[in-house]
Amino acid sequence: MMVSSEAEPSPPQQPKRLYQAWKGNNVFLCGGRLILGPDAASLLLSSFLVAGPAIVFCYQMQSKFFRSNGQPHMHRAALLIVIITTLVDLFFLFMTSARDPGIVPRNTRAPPPEADERNLPATPSMEWSVGGTPRMRSRRTKDVNVNGFTVKLKFCETCLRYRPPRSSHCSICNNCVQKFDHHCPWVGQCIGLRNYRYFFLFIATSTFLCISVLIFSWLNVHCEMQDNGGSIWKALRKEIYSFVLIIYTSIVVWFVGGLTVLHLYLISTNQTTYENFRYNYDKKDNPYRKSITKNFAEVFFTKIPPPLNDFRSHVGEGALEAGFYTPYIGLDVASTREKIDTEMREKEVLVAGVQIPTVLQNIDYGSFEDGLYDKNRNNGNKTVAFAPAWSQKGSEDAGTSAAATTSCKEETSEDDAKEISNSNTSSARTSTEANTISEVEIVKDNAKESNTPDRSSARSLKGMS
């Protein structure tokens with residue numbers, strides 16, 4: 001049986017979709033059609049907190065509907081109101097959590113710097129810090145005109161682009177979001193331009209649901225009080241479910257009700273939660289504020305813009321290799337001058353035949369010189385600090401005392417140069433005297449060692465005689 005040596009060609013790989021290559025922290029379901037946040041499990045908790053009390057209330061009203069003969073219409077109306085409100089509330093919750101909030105597309109390459117950003121620092125230490133650690137760069141901004149106001153756009157180091165007006169980067173989802181309001185942990189999603197309407201309707205419906213259950217539960221207790229002679233304790237003993245629902249809704253309504261009132265105020269002033277806490281537009285002009293009618297119409301009666309990302313679109317291999325990475329990891333964003341400086345830093349530097357470590361090469365000794373010079377000047381001393389030119393000359397000036405003296409004279413005064421020469425002369429004399437003393441001691445030690453065997457041999461001869 002003949003076996004072919006040629007391997008069977010592997011089937012061509014289908015290109016991945018954008019949601020499969022997306023570097024954000026989102027969770028995609030149904031082939032990228034549903035977009036959830038990283039804390040999507042909180043959606044189940046919120047659904048339980050909404051649906052659980054509603055189910056208990058419906059069970060109680062249904063049992064009362066079959067047992068009581070007095071007011072079946074009220075029980076039926078209460079049952080229908082709570083069921084419809086609960087279903088609408090869950091729908092708004094799902095639309096808020098599983099919808100693209102307005103994610104801004106990412107750039108695969110950093111844009112070219114502006115004109116004022118091309119001026120690199122002059123000192124070698126700053127050139128090293130900028131070229132070696134791009135995160136240490138100053139934050140890039142750009143000014144735009146919005147309704148007659150100057151708005152500063154910040155450059156996102158993760159998405160590698162300038163954020164649109166009213167956008168911000170969510171650290172939890174790792175995305176820039178249009179008209180970013182906040183990241184809600186209860187729905188597990190960012191609240192932005194495309195889901196803010198559903199978020200407000202969700203909290204408003206939740207407030208209405210809590211108030212409805214609270215009112216109908218008190219009506220049940222009131223009806224039970226009439227049947228038991230007006231005693232509230234007897235009524236609460238028989239209406240255990242109503243008593244629990246009263247406590248639960250009384251607590252929850254303060255949270256969702258307060259949140260609804262807050263967002264009513266934010267909508268009327270055309271602010272987001274992020275802008276209200278960050279820029280404090282209550283005390284200064286808001287460039288986005290309109291009349292109250294137009295502000296509400298902008299939220300509820302305008303068409304929601306389409307998403308900026310088509311997460312079901314196919315992306316090529318080049319896009320997968322080049323883009324959608326976290327900042328400066330696998331990206332070549334250094335300029336030509338920074339590349340040259342990086343290559344020069346990687347070369348070996350020898351001083352007196354000894355290789356200097358790279359860490360010591362990159363230290364800026366100018367700061368030590370300035371600090372020591374100021375200190376000595378205040379103390380009245382004239383000690384010259386270590387010259388930074390000696391460490392920057394490298395192997396070309398290594399071991400050459402004349403070149404070191406010349407570079408030192410260029411940076412110091414004549415008096416300092418004299419003191420350096422005097423200190424060098426004194427150090428030379430001291431080293432010469434130390435060497436002479438050490439040589440004399442070595443001679444004495446050798447003489448002692450040479451006399452020791454002679455004495456021992458003489459003693460041995462005397463013993464034999």
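The values are calculated or read from the model by the stated rules, or taken from the named source; none is laboratory data. Computed from a predicted structure; not experimentally measured. Counting neighbours? That spans all protein chains shown, and the Cβs are built from the backbone with ideal geometry, glycine included. Quick note on the areas: whole protein, heavy atoms, side chains included, nothing else; ligands and nucleic acids left out. Shrake-Rupley method; radii C 1.70, N 1.55, O 1.52, S 1.80 Å.
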Checklist entry - Can you name the residue in the range 29-41 that is open to solvent by less than 40 Å² (accessible area, probe 1.4 Å) and over 22 Å from the mean Cα position of the chain (by Cα) and, of all such residues, is nearest to CYS210 (Cα to Cα)? => result GLY32
Next on the checklist: One residue is enough: does the range 216-231 have a residue meeting the conditions among the hydrophobic types (A, V, I, L, M, F, W, C), open to solvent by less than 20 Å² (accessible area, probe 1.4 Å), farther than 16 Å from LEU49 by Cβ and not in a helix (DSSP H, G or I)?
Outcome noted: no
Checklist outcome for this item: Result of the Cβ filter at 8 Å on the range 44-60, keeping first residues that are within 20 Å of GLN189 (Cα to Cα) and partners that are among the charged types (D, E, K, R) and modelled with pLDDT of 95 or more, at least 6 apart or interchain, is VAL50/ASP89
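Which one is nearest to CYS170 (Cα to Cα), of the residues in the range 130-145 that are at pLDDT 85 or above and in contact with a Lys or Arg (Cβ under 9 Å, 6 or more places away or on another chain)? Quick ask: steps written out before the conclusion?
The initial filter retains those residues of the range 130-145 that are at pLDDT 85 or above, namely 141-145.
So of that shortlist, the ones also in contact with a Lys or Arg (Cβ under 9 Å, 6 or more places away or on another chain) come out as 141-144.
Details: THR141: 18, LYS142: 20, ASP143: 22, VAL144: 22 Å.
Across the range 130-145, the extreme among qualifying residues is THR141.
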Checklist entry - Residues in the range 67-81: is at least one assigned to a helix (DSSP H, G or I), modelled with pLDDT of 95 or more and surrounded by 22 or more Cβ atoms within 10 Å (Cβ to Cβ)? => result no
Checklist entry - Among the residues of the range 271-281, is any open to solvent by less than 80 Å² (accessible area, probe 1.4 Å), over 30 Å from MET225 (Cβ atoms) and charged (D, E, K, R)? => result yes
Next on the checklist: I'd like the full set of residues that are surrounded by 13 or more Cβ atoms within 10 Å (Cβ to Cβ), of a type outside the set (Asp, Glu) and either outside any helix (DSSP H, G or I) or free of Cβ contacts under 8 Å to residues at least 60 places away in the same chain (or both), limited to the range 239-259.
Outcome noted: PHE243, ILE246, VAL253, PHE255, VAL256, GLY257, LEU259
Next on the checklist: So ILE267 ticks every box in (1) in a helix (DSSP H, G or I); (2) of a type in the set (Val, Ile, Thr); (3) loosely packed, with under 14 Cβ neighbours inside 10 Å but one. Which box is left unticked?
Outcome noted: (3)
Checklist entry - When you scan the range 236-276, how many residues do you find that are under 18 Å from TYR198 (Cβ atoms), of a type in the set (S, T, N, Q) and out of contact with any Leu (no Cβ under 9 Å at 6 or more places or on another chain)? => result 1
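Only one residue in LEU262, LEU236, LEU201 is open to solvent by 20 Å² or more (accessible area, probe 1.4 Å) and more than 30 Å from LEU79 (Cβ to Cβ), so which one is that?
Working: LEU236 fails: more than 30 Å from LEU79 (Cβ to Cβ); LEU201 fails: more than 30 Å from LEU79 (Cβ to Cβ).
Answer to the check: LEU262.
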Checklist entry - If you take the residues of the range 181-195 that are in contact with a strand residue (DSSP E or B) (Cβ under 7 Å, 6 or more places away or on another chain) and open to solvent by 20 Å² or more (accessible area, probe 1.4 Å), which of them is farthest from ASP39 (Cα to Cα)? => result HIS182
Item to check | Yes/no for TYR288 being assigned to a loop (DSSP other than H, G, I, E, B), touching a helix residue (DSSP H, G or I) at 6+ places or on another chain (Cβ under 7 Å) and either free of Cβ contacts under 8 Å to residues at least 60 places away in the same chain or under 25 Å from VAL177 (Cβ atoms) (or both) | outcome: no
Item to check | Among the residues listed as TRP254, TRP233, the single one being among the hydrophobic types (A, V, I, L, M, F, W, C) and closer than 20 Å to PHE202 by Cα | outcome: TRP254
